[in-house]
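K.L.:
Take a look at the following structure, please.
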Amino acid sequence: AQTPVKVTVTGAAGQIGYALLFRIASGQLLGADVPVKLSLLEIPQAVKAAEGTAMELDDCAFPLLSGIEITDDPNTAFDGASVALLVGAMPRKAGMERGDLLEANGGIFGPQGKAINDNAADDIRVLVVGNPANTNALIAQQHAPDVPAERFTAMTRLDHNRALSQLAAKLQVPVTEIKKMTIWGNHSATQYPDLFHAEVGGKIAAEQVDEAWLRDTFIPTVAKRGAAIIEARGASSAASAANAAIDHVYDWVNGTEWTSAAIPSDGSYGVPEGIISSFPVASRDGKWEIIQGLEIDAFSRERIDASVRELTEERDAVRQLGLI
Ligand code: NDP
């Protein structure tokens, strides 16, 4: 039988964790023939709640789940891990300055990056979900000098899936008709969902919608969907975030021709090298590759640049705070 793959989830007792763990254990993260071992990392106050979730995981009797460990120690949590889903983060509280938010998250993602560096398996792949996800991923990466830099990624797949769903509803087509969707930049309100390369039924999506809808409805709806869900549901999106995390890792491991993921820039499309920004990507042989050769018009350029500027400012801020 195949050796189980260790998957570490931080913030495991949170609401995204609750929507995520059962799907990992059922085989949806890596494939229906890959046994997994779950490691749940929590802060001490939340370990008991994580134990409760683990009891429920036991009660599912998942054939692929070979074991569960629960800990508040990152070194233990990441020991031998091949996949790390960094979900737990310090949320922005009312009145919190950006510097305070970055500092608090530096205190989480710096030590986790080091623990990954020192303990994880050689094939470790890291997806950061906890916000500010792109910059948290950069902090973790900078504390893991022995891990190849490209193994640290952040999630824009939920934004990507939201964009697919909004466009499909507008054009009244199934989501499967839409190809080559792209989210550029930061997982924040400045993100840029790009319809100039997306195709519907083989034709450019931007040519099938009017410009006012694209500019004034589509882009803000995708970018602000998280807030709309909080407004409607009374809690932030959790199942859809967990679903996107599953999609991201599944595609990274198993391959895809085109999706969106925030990965370290190699300088493509004028995005400064090293920052973790969302791009159109393919995955081959377990590695993300930025899709090259797309023409970027002025409309897109302006929006990509604005989101990338925000990312470089966040990077400069964490540098100034000595967090990287
Ligand atoms: P959630 O599980 O709802 O969210 C966790 C993180 O995911 C937040 O930072 C949230 O950012 C982020 N996120 C990213 N994308 C989305 C999205 N589309 N929708 C919603 N959230 C998104 O938070 P909970 O408070 O329920 O649980 C967090 C858990 O993490 C707690 O159990 C806490 O104890 C734990 N924690 C663990 C740490 C550790 O393991 N060392 C460190 C810190 C916390 P945003 O707030 O911006 O929406």
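K.L.:
What does the convex hull of the Cα atoms of the stretch 157-314 come to per residue, in Å³, rounded to a whole number?
P.N.:
In the stretch 157-314, the Cα convex hull volume per residue is 118 Å³.
K.L.:
Also, I was wondering about something else. Identify which of Ile229, Ile139, Ile219 has the largest mean-square fluctuation in a Gaussian network model of the chain, with springs joining Cα atoms closer than 10 Å.
P.N.:
Result: Ile229 has the largest fluctuation of those listed.
K.L.:
To continue, here is another question. Provide Rg over Rh for the stretch 66-221; use the alpha carbon set for both Rg and the Kirkwood Rh (inverse mean inverse pair distance).
P.N.:
Radius of gyration over Kirkwood radius for the stretch 66-221 works out to 1.08.
K.L.:
On a C-alpha basis, how far is the centre of the stretch 245-324 from the centre of the stretch 76-98 in Å? Whole number, if you could?
P.N.:
20 Å
K.L.:
Let me ask you something else. Would you order Glu314, Glu199 from fewest to most other beta-carbon atoms within 10 Å of each residue's own beta-carbon?
P.N.:
Ranking Glu314, Glu199 by Cβ neighbours within 10 Å, fewest first, gives Glu199, Glu314.
K.L.:
Please rank Trp258, Trp184, fewest neighbouring Cβ atoms within 10 Å first, as an exposure proxy.
P.N.:
Lowest count first: Trp258, Trp184.
K.L.:
Calculated from DSSP H runs of 4 or more alone, at -39500 (n - 2.57) each and per residue, what is the 222 nm mean residue ellipticity of the chain, nearest 500?
P.N.:
-12500 deg cm²/dmol
K.L.:
Report the Stokes-Einstein translational diffusion coefficient (µm² s⁻¹, integer) for the stretch 5-154, Rh taken as the Kirkwood radius over Cα pairs, at 25 °C with viscosity 0.890 mPa s.
P.N.:
Reported coefficient: 160 µm²/s.
K.L.:
By the scheme Lys and Arg +1, Asp and Glu -1, what is the net charge of all other residues having a beta-carbon under 9 Å from that of Leu101?
P.N.:
0
K.L.:
Could you work out the Rg to Rh ratio of the stretch 162-215, with Rh taken as the Kirkwood radius (inverse of the mean 1/r over all Cα pairs)?
P.N.:
Rg/Rh for the stretch 162-215 comes to 0.94.
K.L.:
What's the whole-number percent of alpha carbon pairs in the stretch 236-324 lying beyond 18 angstrom?
P.N.:
Cα-Cα pairs of the stretch 236-324 separated by over 18 Å account for 54 percent.
K.L.:
Here is a further query. Gaussian network model of the chain, Cα springs within a sub-10 Å range: biggest mean-square fluctuation belongs to which of Gly67, Gly95, Gly270?
P.N.:
Between Gly67, Gly95, Gly270, it is Gly95 that shows the largest mean-square fluctuation.
K.L.:
Using the Kirkwood radius over C-alpha pairs as Rh, can you work out the diffusion coefficient of the chain via Stokes-Einstein at 20 °C, viscosity 1.002 mPa s, in µm² per second?
P.N.:
For these conditions, the coefficient is 107 µm²/s.
K.L.:
Same structure again: Lysines within cross-link reach of Lys170: Cα-Cα under 30 Å, excluding same-chain residues under 8 positions apart?
P.N.:
Here the lysines satisfying the reach criterion relative to Lys170 are Lys179, Lys180, Lys203, Lys224.
K.L.:
Using amide H atoms built 1.01 Å from N in the peptide plane, name the residues 5+ places from Ala12, or on other chains, whose amide H lies under 5 Å from its own.
P.N.:
Under 5 Å from the amide H of Ala12 lie the amide H atoms of Leu41, each far enough along the sequence or on another chain.
K.L.:
May I pose another question? Quick one: dipole size for the stretch 42-145, taken about the Cα centre, charges +1 on Lys/Arg Cβ and -1 on Asp/Glu Cβ, in debye to the nearest 20.
P.N.:
It works out to roughly 500 debye.
K.L.:
Run the dipole for the stretch 134-182 about the Cα centre, Lys and Arg Cβ at +1, Asp and Glu Cβ at -1, nothing else charged, and hand back the magnitude in debye, nearest 20.
P.N.:
Charge dipole of the stretch 134-182: 240 debye, to the nearest 20.
K.L.:
Treat every Asp and Glu Cβ in the chain as -1 and every Lys and Arg Cβ as +1, leave all other atoms uncharged, and give the resulting dipole magnitude about the Cα centre to the nearest 20 debye.
P.N.:
Dipole size: approximately 480 debye.
Bear in mind that the values in this text are calculations on the coordinates, not laboratory data. Since the structure is predicted, the reported quantities are computational estimates derived from the model, not experimental observations. Please note: Cβ atoms are built from the backbone with ideal geometry, for glycine as well, and neighbour counts cover all protein chains shown.
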